[in-house]
Every structure is written in structure tokens, then in C-alpha cells.
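Here the structure comes first, spelled out in C-alpha cells, and everything after it is commentary.
Bear in mind that the values in this text are calculations on the coordinates, not laboratory data. Computed from a predicted structure; not experimentally measured. Cβ placement follows ideal geometry from the backbone for every residue including glycine, while neighbour counts extend to all protein chains displayed.
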Amino acid sequence: MTPPKPHRVLLDRVSGYADEAAAYVRRRRVSRRPFARLYYGGGRAADFAADGRAGGELFVAAGRLIEVAREPVDR
Amino acid sequence: MTRAAILADLMVDETGAVFSPGAAERAVELLVELSPDLRGAAILDADGAALAATGAPARWAEDGAALLAVADGAGEEPVEQVHIATEQGEVFALRHDGLIALAVADRFALTSVLFFDMRSVLRDLAAGGEAA
């Protein structure tokens, strides 16, 4: 049996990576939930749950900005 | 144009950086161009006044300031970056060099890339140059 041509091996490998990436993006879309994350100086970050007081206020404020951005953008 | 007229057309932010109002508009245009997921964006000065925006500047300024006030109140120190992902879209805010960039994008936007672009345009603006 002759070995596969080198370009075939390369194509299979790239296709494998692409399949993995597509599956990752699909899982991410399904599993990702709304979140509020704040970043501070020094790289520290804090998450705020939507059902908490601060988190709720953050989601309300973000919702207003999303409304503002509904105006179409010229590209 | 005289030197005085040129200076009158320029703005100075709190860091002392000088830039033209047109530079902020070009920075917003660049952000929109760089990020296909972007629905809208604005750049505010340190006082919360809108320098440029894709929509109504006054509303961007008002609602952007409200978001940052809530974010600052949520922790013990002023925030540097805000990222809120909702079912309707994602909101980003960034303070850098005395300026504020706000952006709203579709869900699942590439967070790190968007923050990188926002930081880049603010850095260029604060340096007194054009966003490149």
C-alpha cells in the first residue's frame, strides 16, 4: 500500500483543526450566558451576577447603551 | 490660518494631549471599520462629554456616563474596562489616557480584539495624532 501524498496529510490536518474550532464555537454559543465583568488596574477582574444588586444595575445601564446603538452605522 | 485660529480648533484633554475634533470622529470611524461586529461606538472625554459617536452624541454621553458610574460604584476603585454580555448584544467601555471609548457589538464579538482596537485608537488620540 502506498503512503498518502504529503499534501493530503496536510489537508486532513487543517480540516481537523477547522472541525475542532467550529465545534468549539458551537459549544461556546450554546453554553455562554449573560455576564457582567469589570476590569481594574493591575489586571484584576470581578464578575457580577445578573440577580445581584450591582449586576442588575449594570445590565440595565448596558441595555440603555444597546438601545442607543440601534441607530444604523454608516460603513 | 493663523496660529491662534489653529489652536482654537484644537481640544486639550486632561492629560494635556491636543487633538482636533475631527480626529475623534476619524477614530470612531476606524473602530467601526475594524470591527464588523460593531453596532455603534463613541469616544468621550474625561468629563463624559461626547467627542464623537456613531449616533446621538448626547445619549451616548448620558448613558455611557451612567454605565461607568454604576461600574465604579460596584467595586472599591474606578474601573478600567467594562464588558457586559446580554442576550441583546455586548457592551464594552474602556478608560485610557484620560479618554473613554464605548462600543456596542453583536453577541459573541471577539472581546480581546475589540478592547485592543479601542485601546489603540484612544492611545493615538491621546498622543495627539490621528488614529492609525
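Okay, here's what the table says:
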read-out	value
Least to most buried among B:Ser120, A:Ser15 (fewest other Cβ within 10 Å first)	A:Ser15, B:Ser120
Column: log10 I(q)/I(0), Debye, Cα scatterers of the range A:34-75, q = 0.13, 0.16, 0.34 Å⁻¹	-0.39, -0.54, -1.08
Estimated FRET transfer efficiency (A:Ala23, B:Asp37; beta-carbon r; R0 25 Å; 0.05)	0.75
Per-residue mean of C-beta atoms belonging to partner chains within 10 Å, peptide B:74-81	6
Dimensionless Rg/Rh of chain A - Kirkwood Rh, Rg from C-alpha atoms	1.28
10 Å Cβ neighbours from other chains, averaged over peptide B:91-97	3
Shielding by other protein chains, B:104-111, mean Cβ within 10 Å	2
Residues B:Ile100, A:Ile66, B:Ile43 arranged by fewest to most Cβ contacts within 10 Å	A:Ile66, B:Ile100, B:Ile43
Percent of C-alpha pairs per 5 Å bin, the protein assembly as shown, short to long	1, 7, 14, 17, 17, 13, 9, 6, 5, 4, 3, 2, 1, 1, 0, 0, 0
